[in-house]
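Each reported figure results from applying straightforward, stated rules to the coordinates on display, with no laboratory input. The structure displayed is predicted, hence computed values, not measured ones. Backbone-built Cβ (ideal geometry, glycine too); neighbour counts: all protein chains shown.
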Amino acid sequence: EESVAPTEVTKESITLKDVGGLAQVKQRIHESFLDPMANPEIAKAFKKSLRGGLLLYGPPGCGKTFIARAIAGELGASFISVTLADVLSKWLGESEGNIHKTFMEARQKAPAVLFLDEIDAVGGKRSSQQSQHLRSVVNQLLMEMDGVDNQNEGVYVLAATNMPWDVDSALLRPGRFDRMVLVLPPDEPAREAILQLHLRDRPIEGIDLEKLVRLTDGFSGADLQHLTDTAAEKAMADSLKTGQVRPINMKDMQRALKEVKPSIGPWMDSAR
Ligand code: ATP
């Protein structure tokens, strides 16, 4: 029998401190999720339910997975990640059983964040032949999230989507993913953190980080990685010619900026 094999099960070590910028996102996460979880008596006094999950949504490559991991770190929880699109294609006919197994694993590993990526895959406009199957997958998910007794204690369900308009509305009702956090392209401090991350272990010289941050408005995390990779290739090509490592400089970055453009314009347009 094939196992569920979530991509990762480790106590998460990164926290929101590691997430650059995105002050509003962090504040929302604190107010709607982390702080009530940390102060259950106060939450109870205000009839704020601690059940249900948190849905991160926004354009691709903007750090939703990274933020989910940071939330796990804040909770001192393990991080279990499952991509629902994979679940559906791999587990055709046994998706429900495997969703159950995934939740069982999270319960065993509690405290654990169960991160359901591409949650839109189980909803939206599918063919009617598929939709019967998807309906029972959604129902299984709802059942697992509701849990019985206190079996979900210490299990935090987070989900992410690039296509919030495709998320099954049953998943958005109170007690389900009723807390939604919009994760937009990285702001300046976030871009600085991401650029630093990708330049950290590479030879660099005279990189004007502040300027780069200004020149990359609208770039996703993935775009920034692409940009630094492209600049690195240019410096490497020169180095290979001379047989001497020539560090990445601003000129390489400028040339890379001519080739790499922000990828999420279309997302922003379709979300409007
Ligand atoms: P998504 O899940 O939205 O598709 P992602 O979580 O896969 O995105 P990217 O946005 O592609 O991640 O970011 C790639 C890497 O850049 C992350 O794994 C993380 O190390 C780093 N990163 C992203 N956003 C930030 C941030 N705000 N601060 C610091 N590092 C970041």
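Summary value for the stretch 139-272: 22 percent relative contact order, contacts being C-alpha pairs under 8 angstrom separated by 6+ residues.
What's the FRET efficiency of Q151 with D86 using the Cβ-Cβ distance as r and R₀ = 30 Å, to the nearest 0.05? Approximately 0.75, to the nearest 0.05. Dipole size of the chain about its Cα centre, with +1 on Lys/Arg Cβ and -1 on Asp/Glu Cβ: approximately 460 debye, rounded to the nearest 20. For K47, a cut-off of 29 angstrom between C-alpha atoms picks up these lysines, skipping any fewer than 8 places away in its own chain: K26, K64, K109.
Got a sec? How would S169, S95, S263 order by Cβ neighbour count within 10 Å, fewest to most? Write down the numbers at each step before the final one.
On the way: S169 9, S95 21, S263 17.
With the fewest neighbours first, S169, S95, S263 line up as S169, S263, S95.
Please give every one of the lysines within straight-line cross-link reach of K241, meaning a C-alpha to C-alpha distance under 27 Å, and leave out same-chain neighbours fewer than 8 residues apart. Candidates past the 8-residue exclusion: K251, K258.
Mind pulling the angle between the C-alpha long axis of helix 128-146 and the longest principal axis of the chain? Nearest 10 degrees, somewhere in 0 to 90. Helix 128-146 sits at roughly 80 degrees to that axis.
Rg of the Cα atoms in the stretch 36-107, relative to 2.2 N^0.38 Å, amounts to 1.38.
Kindly express, to the nearest 10 degrees and within the range 0 to 90, the angle between helix 95-109's C-alpha long axis and the longest C-alpha principal axis of the chain. Long axis of 95-109 versus the principal axis of the chain: about 80 degrees. Couplings 3J(HN,Hα) for the stretch 197-205, derived from phi with the Karplus relation 6.51 cos²θ - 1.76 cosθ + 1.60 (θ = phi - 60°), are 4, 7, 9, 3, 9, 10, x, 10, 8 Hz, where x marks Gly and Pro.
Per-residue Karplus couplings for the stretch 46-58, computed as 6.51 cos²θ - 1.76 cosθ + 1.60 with θ equal to phi - 60°, are listed in order as 9, 6, 8, 6, 9, 7, x, x, 10, 10, 9, 9, x Hz, Gly and Pro entered as x.
Multiply the residue separation of E259 and E205 by 0.36 nm, subtract the distance between their alpha-carbon atoms, and state the gained length in nm to one decimal. Please report the intermediate quantities before stating the final value.
Details: separation 54, 0.36 × 54 = 19.44 nm, distance 2.09 nm.
That works out to 17.4 nm of additional length.
Once backbone amide H atoms are built at 1.01 Å from N, Y156 has A112, V113, L114 as its partners under 5 Å, excluding neighbours fewer than 5 places away on the same chain. Alpha-carbon geometry of the stretch 76-213: the Rg and the Dmax are 18.9, 60 Å, given in that order. Cα-based values for the stretch 180-228, radius of gyration first and Dmax second, are 11.2, 41 Å. Distant-in-sequence amide contacts of I204, defined by a placed amide H-H separation under 5 Å and a gap of 5 or more residues or a different chain, comprise I248.
The residue list F66, Q151, W165 was ranked by how far each Cα lies along the charge dipole of the chain toward its positive end, using unit charges on Cβ atoms, and W165 comes out on top. Ranking H226, G76, G52 by Cα position along the charge dipole of the chain, where only Lys, Arg, Asp and Glu carry charges on their C-beta atoms, puts H226 farthest toward the positive end.
With a simple spin-label model that places each label point 7 Å from the Cα along the Cα-to-Cβ direction, the separation between D269 and R135 comes to 3.7 nm.
Based on the Cα coordinates of the chain, what is the per residue volume of their convex hull in Å³? Kindly include the intermediate steps, with their values, before the conclusion.
On the way: hull volume 43.7 nm³, N = 272.
Cα-based convex hull of the chain, divided per residue, equals 161 Å³.
Place a +1 charge on the Cβ of each Lys and Arg in the stretch 94-221 and a -1 charge on the Cβ of each Asp and Glu, then give the dipole magnitude about the Cα centre in debye, rounded to the nearest 20.
Rounded to the nearest 20 debye, it is 220 debye.
For the stretch 144-232, applying the loop criterion from DSSP together with a ceiling of 15 other beta carbons within 10 Å to the GluC sites (Glu not before Pro) yields E153, E205.
3J(HN,Hα) along the stretch 13-22: 9, 7, 10, 5, 4, 7, 8, x, x, 6 Hz, from the Karplus curve 6.51 cos²θ - 1.76 cosθ + 1.60 with θ = phi - 60°, whole Hz, x for Gly and Pro. Summarising the amide proton neighbourhood of C62: residues at separation of 5 or more, or on other chains, whose placed amide H is nearer than 5 Å comprise G221.
If you take all C-alpha pairs in the stretch 151-265, what percent of them are over 25 Å apart?
Numbers: 2729 of 6555 pairs.
More than 25 Å apart: 42 percent of the Cα pairs in the stretch 151-265.
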